[in-house]
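Undergrad: Please find one structure pasted underneath; my questions will follow.
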């Protein structure tokens, strides 16, 4: 690692803070703000500039690294497309279909141009058999990457939550890439960690209205989701892979659990999986009486716990199929816990309504 790497991190951190502060008045002038509403209970209009600041700061600070970046052209292209469509969505509320089509384009660029493809699922069935995808590798890659992008977006409902959960995955991948000698990837992940950290400092700072100074917006959640999908896939593929696909699942467990749970619930209720509601895990915890800060702490702690289990399984070289089926088992436990939690909350609400009547 070069001695000037801390300078690169300082550039990324400082640029993110500078852009967040400089873009706030611009966001108010052009209407790039989030207003309170039926599903948004914060106080006052909040600039949606976190994604722009993190993306630009990352793109500029990576130029200070002494590493080849030509292989990241597809990363820049896909990220830029998602950031732009995220800005438009934040300003004009685009349809789910439009967002989905653009996500397909960006993730296809990642797979076809960038060569970041989910070619196999590893040893899911036994240590002697690799679950290869063959001709469906690119469609599955696109589907998986879109799943990661939207999984992080679904968690972006409480100040700092999506950012901290992304940090957990970034830290886990950084540890694995460093141990595997993937130093270029480690350095890039360090920059992503830095720009997220700078955003969180501003995002978590409350003013006199008890409201965050900035939100990351859809541009931020899609940029970070795309970055996570890029490195989760690239580190888990190839002959010299740094980690198994099963380990990647553990590093991003909570968003995946939440997304699968929401899809199951909405489909069961006859709704579109892309419909919006206030039935996410953070909504449940807040309805149960937990503060926003404590809600974030609980979910981030769960993310850290699952990521730690993934790292332990990785470094102790547990069989991949053991880690995968353990992941599936924990997911069903999560699903039952969430269903039970909503049932208890609904029963308590009905009892409270009867007493008030």
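Undergrad: Would you kindly calculate the mean projected area, averaged across all directions, of the convex hull enclosing the Cα atoms of the stretch 48-106, in square nanometres?
TA: 4.2 nm²
Undergrad: Using 7 Å Cα-to-Cβ label points, what is the residue 291/residue 92 separation (nm, one decimal)?
TA: Between residue 291 and residue 92, the label points sit 4.1 nm apart.
Undergrad: Quick one: what Rg and Dmax do you get for the stretch 241-313 from the alpha carbons, in Å?
TA: Reported Rg and Dmax, both Å: 14.5, 44.
Undergrad: Once both labels are modelled 7 Å past Cα along the beta-carbon direction, what's the residue 342-residue 266 spacing in nm?
TA: Rounded to a tenth, the inter-label distance reads 1.2 nm.
Undergrad: Under 16 Å from a point 7 Å along the Cα-to-Cβ line of residue 64: which residues of the stretch 175-207 have their amide N that close?
TA: From the stretch 175-207, the list is 187-199.
Undergrad: Among 345, 88, 235, whose mean-square fluctuation peaks in a Gaussian network model of the chain (Cα, cutoff 10 Å)?
TA: 345
Undergrad: Of the peptides 171-179, 27-35, how do they stack up when ordered by the mean number of other Cβ atoms within 10 Å, highest first?
TA: Details: 171-179: 21.2, 27-35: 15.3.
Put in order of decreasing packing, that is 171-179, 27-35.
Undergrad: Run the quick spin-label model on residue 22 and residue 128: label points 7 Å from Cα toward the beta carbon, then report their separation in nm to one decimal.
TA: Each label point lies 7 Å from its Cα, and together they span 6.2 nm.
Undergrad: Any chance you could check the Cα centroid distance between the stretch 320-340 and the stretch 240-263 for me, in angstrom?
TA: 11 Å
Undergrad: What's the exposure ranking of 292, 343, 128, going from fewest to most Cβ atoms within 10 Å?
TA: Result, fewest neighbours first: 128, 343, 292.
Undergrad: Right, here's the next one. So, in Å, what gap is there between the alpha-carbon centers of the stretch 55-132 and the stretch 159-198?
TA: Spelled out, the Cα-based centre of one part sits 16 Å from the other.
Undergrad: Say we join alpha carbon atoms closer than 10 Å with springs in a Gaussian network model of the chain; which of 306, 13, 131 then has the biggest fluctuation?
TA: 131
Undergrad: While we're here: Taking springs between alpha-carbon atoms closer than 10 angstrom, which of 288, 253, 227 fluctuates most in the Gaussian network model of the chain?
TA: Looking only at 288, 253, 227, the biggest GNM fluctuation is shown by 288.
Read the figures in this text as sums done on the coordinates, not as results from a lab. It should be emphasised that the depicted structure is a prediction, and the values quoted were computed from it without experimental measurement. Positions of Cβ are backbone-derived with ideal geometry, glycine not excepted, and every protein chain shown enters the neighbour counts.
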